[in-house]
Amino acid sequence: RKEMDALGWDSCDVILVTGDAYVDHPSFGMAVIGRMLESQGFRVGIIAQPDWSSKNDFMRLGKPNLFFGVTAGNMDSMINRYTSDKKLRHDDAYTPGDVGGKRPDRATLVYTQRCKEAFKEVPVVIGGIEASLRRIAHYDYWSETIRRSILLDAKADILIYGNAERPLVEVAHRIAGGETIDTMQNIRGTAVIRKEPLPDWRGVDSSK
């Protein structure tokens, strides 16, 4: 917030929420995304490793003009938190001092819910490795169940998977141009919820 005041910003266009500490270096995906959006003329704020027990940390930069961008961080939060035999880890390479426990289980879900609690009307765009790997129904090792798409559980508005730079720029410019996310159903590299398939799309019998 002090940096916003120093820059003379009364608000951010985009606020990014990440489970990693903020390090302005290309090995941290959220830093790359933030700098890329900044180069497109957007005012970007980053909330790193917020306290997820309430909505307060998610409100500290105010209401974003366009959307929240949410990621669990450079690692899937469950792998970050637990070993393969499901024991709790006590360290985290993406946190100062290697301190563990600075992000919740299924961080993308939790952060999205807190963003919606803070500003219900603001769209939430999710991405990163956790969202990418869970964009469709999937086997969940931790609960030993088939879980549905993270989009449904998180109640996010749109999911961007893989290298998200190009689709995220398109989403940002289209929202800035006055479009709503429910009209953005033709952007490559994104997943959205639809009640009916897009025209000319068809299902394939998976048993074959």
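Brief remarks follow.
- Residue list for the stretch 182-198, restricted to those being out of contact with any helix residue (DSSP H, G or I) (no Cβ under 7 Å at 6 or more places or on another chain) and either modelled with pLDDT of 90 or more or not in a loop (DSSP other than H, G, I, E, B) (or both): Asp182, Thr183, Val192
- Candidates Ala21, Ala6, Ala72 - the one that is out of contact with any Lys or Arg (no Cβ under 6 Å at 6 or more places or on another chain), touching a residue at least 60 places away in the same chain (Cβ under 8 Å) and among the aliphatic types (A, V, I, L, M): Ala21
- Pairing each residue of the stretch 28-41 that is touching a residue at least 12 places away in the same chain (Cβ under 8 Å) and at negative phi with any residue that is assigned to a helix (DSSP H, G or I) and crowded, with 19+ Cβ neighbours inside 10 Å, provided the two are 6+ apart or on different chains, yields C-beta distances under 9 Å for Gly29/Gly128; Gly29/Ile129; Met30/Gly128; Ile33/Leu168; Met36/Leu168; Leu37/Leu168; Leu37/Ala172; Gln40/Ala172.
- Residue within the stretch 118-136 that is open to solvent by less than 20 Å² (accessible area, probe 1.4 Å), touching a Gly at 6+ places or on another chain (Cβ under 9 Å), part of a loop (DSSP other than H, G, I, E, B) and in contact (Cβ under 8 Å) with a residue 12 or more places away in the chain present: yes
- All told, Ile181 meets the bar of being buried (at least 17 other Cβ atoms within 10 Å of the Cβ), more than 14 Å from the chain's Cα centre (by Cα) and not small (Gly, Ala, Ser).
- Qualifying residue in the stretch 99-109 (condition: more than 13 Å from the chain's Cα centre (by Cα), open to solvent by 50 Å² or more (accessible area, probe 1.4 Å) and more than 26 Å from Ser27 (Cα to Cα)): no
- So Leu159, is it in contact (Cβ under 8 Å) with a residue 24 or more places away in the chain and assigned to a strand (DSSP E or B): yes
For (1) modelled with pLDDT of 90 or more; (2) in a helix (DSSP H, G or I); (3) touching a Phe, Trp or Tyr at 6+ places or on another chain (Cβ under 8 Å), each residue gets a yes or a no:
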{"site": "Val17", "(1), (2), (3)": "yes, no, yes"}
{"site": "Asp24", "(1), (2), (3)": "no, no, no"}
{"site": "Met30", "(1), (2), (3)": "no, yes, yes"}
{"site": "Trp52", "(1), (2), (3)": "yes, no, yes"}
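- Of all residues in the stretch 68-101 being assigned to a loop (DSSP other than H, G, I, E, B) and in contact with an Asp or Glu (Cβ under 6 Å, 6 or more places away or on another chain), the one that is farthest from Ala131 (Cα to Cα): Gly100
- Those residues of the stretch 188-208 which are open to solvent by 70 Å² or more (accessible area, probe 1.4 Å) and under 22 Å from Gly128 (Cα atoms), in sequence order: Arg188, Ile193, Arg194
The values are calculated or read from the model by the stated rules, or taken from the named source; none is laboratory data. What you are looking at is a predicted structure, and each value in this text was computed from that prediction instead of being measured. As a convention, Cβ positions derive from the backbone with ideal geometry for all residues, glycine included, and neighbour counts pool all protein chains shown. Ligands, DNA and RNA are stripped out before the accessible areas are found, and what is left, the full protein with its side chains, is counted by its heavy atoms. Shrake-Rupley method; radii C 1.70, N 1.55, O 1.52, S 1.80 Å.
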